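Down below is the structure, laid out as structure tokens.
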Amino acid sequence: MRMRAAVLSQQGLPRPYAESRPIAIEEVELDGPGPGEVLVEIGGAGLCHSDLSTIENLRPRKMPTVPGHEAAGIVRELGAGVRGLKRDDHVAMVFVSSCRECRYCQGGRPNLCESSWGARTEGTLVSGARRLRRLDGSPLHHYSGLSTFAQYAVVSASSLVSIPKEVPFTVAAAFGCAVVTGVGAVFNTAETRPGTPLAVVGLGGVGLSALLGAVAAGANPIVAVDVSEAKLALARELGATHAVNARAADALAQVKDITGGGVDVAIETAGTIPAMETAYALCARGGITVSAGLPAPTSSFAYRHAALVSDERQIRGSYMGSCVPGRDIPRFMGLYLAGRLPIERLFSGALRLEEINQGFDRLAEGTVVRQVLTPNAA
Ligand SMILES: NC(=O)c1ccc[n+]([C@@H]2O[C@H](COP(=O)([O-])OP(=O)(O)OC[C@H]3O[C@@H](n4cnc5c(N)ncnc54)[C@H](O)[C@@H]3O)[C@@H](O)[C@H]2O)c1
Ligand SMILES: [Zn+2]
Ligand SMILES: [Zn+2]
């Protein structure tokens, strides 16, 4: 079928993107779903910092590609052998598909699926197939097995989780990345218990999801940390008990004061090494620093090893919030529907496909949380 899609052909172009235009809207060809695959009409697709890092060339990917990895939509066609989904179902689309066979899938950690990793590097679906083409027949690569900045996507059924139809797509989209990552980091990776002193460092879509997760988990106090006063103000509205500007000279002292010596859990969701250093420094003895941010693959974080040992500190990576999507998205959706995870507060506005470059300028400036493309809106 023919459809309109956002195509990224070159990484590393300068900002403002409204002028350099790294992404162009093109008519492209999308093949129908193969075995185990599903055609989804995109209802909403969020602009995440990981897409921005790809545009910035912090994350090298095969070009040209149709980016976008956080979305929700409607099942329009099922490939052979797909079970558990039917036409017209509403689905959230998660950015790690899984093969169900590798050691990680078998071990209950599909977020680490080996085949998905290879497909991500090669720009294919997890099956190895490529369903996207330019009209001249030249290949277009898939992005995170999804490529959601388009009117439709053909994806592996393992990337999809059914969701209730009452949830608007502009909210549901965030469940595919920001929510699984942020809320999952709090519940799954950090195993946060009620009453745990906790900090979130970096208050974008992922960090504010973590903050809402921390509120739902009963963490207390909850210290929100960012470099933007507007983000700190929003965090307070969303339930942070305290807000600290990371640029303040006494930021660390403030947090130690608030928490009587540091937090037990610090969640880093900024994607920079300075933010990771802050998150690590905020922890008390025995504390865990969970990092969900993704800086350039070459950057590294240093810590004092003897203190890690004698303080029994922990550092844990958190990929897709250590989530099992089919288990966790219904749980987090349930909290949202009960009013205990107000993800709609992260929505910063709907965009047309043509507005995508400007949208990434705003994300880079830090003036928005989640902007959602609605490529099929009238
Ligand atoms: N681990 C995963 O599975 C996963 C999934 C999605 C996104 N990510 C990564 O998470 C990160 C956040 O994504 P997002 O879409 O929420 O980004 P975002 O751009 O919306 O938010 C980042 C926030 O961090 C703040 N920040 C920057 N430097 C800081 C510092 N030194 N101290 C405190 N705050 C600082 C910014 O002001 C901004 O509010 C990115 O690196 C992204 O690639 C990881
Ligand atoms: Zn993302
Ligand atoms: Zn697997």
At 222 nm, what helix-only mean residue ellipticity would the chain give, in deg cm²/dmol to the nearest 500, using -39500 (n - 2.57) for each DSSP H run of four or more? -7500 deg cm²/dmol
In square nanometres and to one decimal, what's the mean projected area of the convex hull around the Cα atoms of the range 122-191? 6.3 nm²
At 0.692 mPa s and 37 °C, Stokes D of the range 1-124 from Kirkwood alpha-carbon radius, µm² per second: 203 µm²/s
Choose one of T298, T196, G261: the residue whose Cα lies farthest towards the positive end of the charge dipole of the range 191-317 (beta-carbon charges +1 Lys, Arg; -1 Asp, Glu; about the Cα centre). T298
Length added when fully stretched, L135-R352, from 0.36 nm per residue minus Cα-Cα: 75.9 nm
Distance from the Cα centre of the range 147-183 to that of the range 56-73, in angstrom? 15 Å
Surface per residue (accessible, 1.4 Å probe) for the range 191-317, Å²: 44 Å²
Toy charge model, Lys and Arg Cβ at +1, Asp and Glu Cβ at -1: the chain dipole around Cα centroid in debye, rounded to 20, equals 580 debye
If you take the beta carbon distance between A377 and A230 as r and set R0 to 22 Å, what does 1/(1 + (r/R0)^6) give as a FRET efficiency, to the nearest 0.05? 0.20
Scoring the range 191-317 by relative contact order with C-alpha pairs under 8 Å, at least six apart, yields a percentage of 23 percent
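What's the ranking of 257-266, 66-75, 301-310 by average number of surrounding C-beta atoms within 10 Å, highest first?
The densest-packed peptide leads the list: 66-75, 257-266, 301-310.
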Using only the Cα atoms of the range 6-45, each taken as one equal point scatterer with no solvent, compute I(q) by the Debye sum, divide by I(0), and report log10 of the ratio at q = 0.18, 0.30, 0.33 Å⁻¹. -0.72, -1.05, -1.12
What ³J(HN,Hα) values, in whole Hz, does the Karplus curve 6.51 cos²θ - 1.76 cosθ + 1.60 give for the range 55-61 when θ = phi - 60°, with x put for Gly and Pro? 4, 6, 6, 6, 10, x, 9
Give, in nm to one decimal, the length gained when the segment between E101 and R345 is fully stretched (0.36 nm per residue of separation minus the Cα-Cα distance). 84.1 nm
Cα centroid distance between the range 296-345 and the range 192-227, in Å? 10 Å
Let me check I've understood the local charge: for H242, count other residues with C-beta under 11 angstrom from its C-beta, Lys and Arg +1, Asp and Glu -1. What total comes out? 0
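Tell me the carbon and sulfur percent of the accessible area for the chain, rounded to whole percent, probe radius 1.4 Å.
The nonpolar share, carbon plus sulfur, comes to 49 percent.
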For the I273, A249 Cβ pair and Förster radius 22 Å, calculated FRET efficiency rounded to 0.05 is 0.65
Which distance in nm do the two modelled labels at R2 and K62 give, with both placed 7 Å along the Cα-to-Cβ direction? 2.7 nm
For the chain, averaging the sequence separation of alpha carbon pairs under 8 Å that lie six or more residues apart and dividing by its residue count, the contact order in percent is 19 percent
Accessible-area value, R362, 1.4 Å probe, nucleic acids and ligands omitted, Å²: 80 Å²
Output the Kirkwood hydrodynamic radius of the chain, Cα pairs only, in Å rounded to one decimal. 20.7 Å
Per-residue HN-Hα couplings for the range 130-139 [Karplus 6.51, -1.76, 1.60; θ = phi - 60°; Hz; x = Gly/Pro]: 10, 10, 10, 9, 7, 5, 7, x, 6, x
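Kindly rank 192-205, 4-17 from highest to lowest mean number of other beta carbons found within 10 Å of each residue.
The packing order, highest mean first, is 192-205, 4-17.
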Within the range 211-239, which residues have the backbone N less than 20 Å from the label spot 7 Å out from Q314 along Cα→beta-carbon, could you tell me? 211, 213-223
Å² per residue, accessible surface of the range 99-140 at 1.4 Å: 58 Å²
What's the percent breakdown of Cα-Cα distances in the range 191-317 across 10 Å bins, shortest bin first? 14, 50, 31, 4
Using only alpha carbon pairs under 8 Å that are at least six residues apart, calculate the relative contact order of the range 41-167 and give it in whole percent. 30 percent
Whole-Hz Karplus ³J(HN,Hα) for the range 100-106, in order, using 6.51 cos²θ - 1.76 cosθ + 1.60 and θ = phi - 60°, x for Gly and Pro? 6, 10, 6, 4, 6, 4, 5
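The values are calculated or read from the model by the stated rules, or taken from the named source; none is laboratory data. Note that the coordinates shown come from a computational prediction; the quantities given were computed from them, not determined experimentally. Cβ sites come from the backbone with ideal geometry, for glycine too, and all protein chains shown count toward neighbours. Quick note on the areas: whole protein, heavy atoms, side chains included, nothing else; ligands and nucleic acids left out. Shrake-Rupley method; radii C 1.70, N 1.55, O 1.52, S 1.80 Å.
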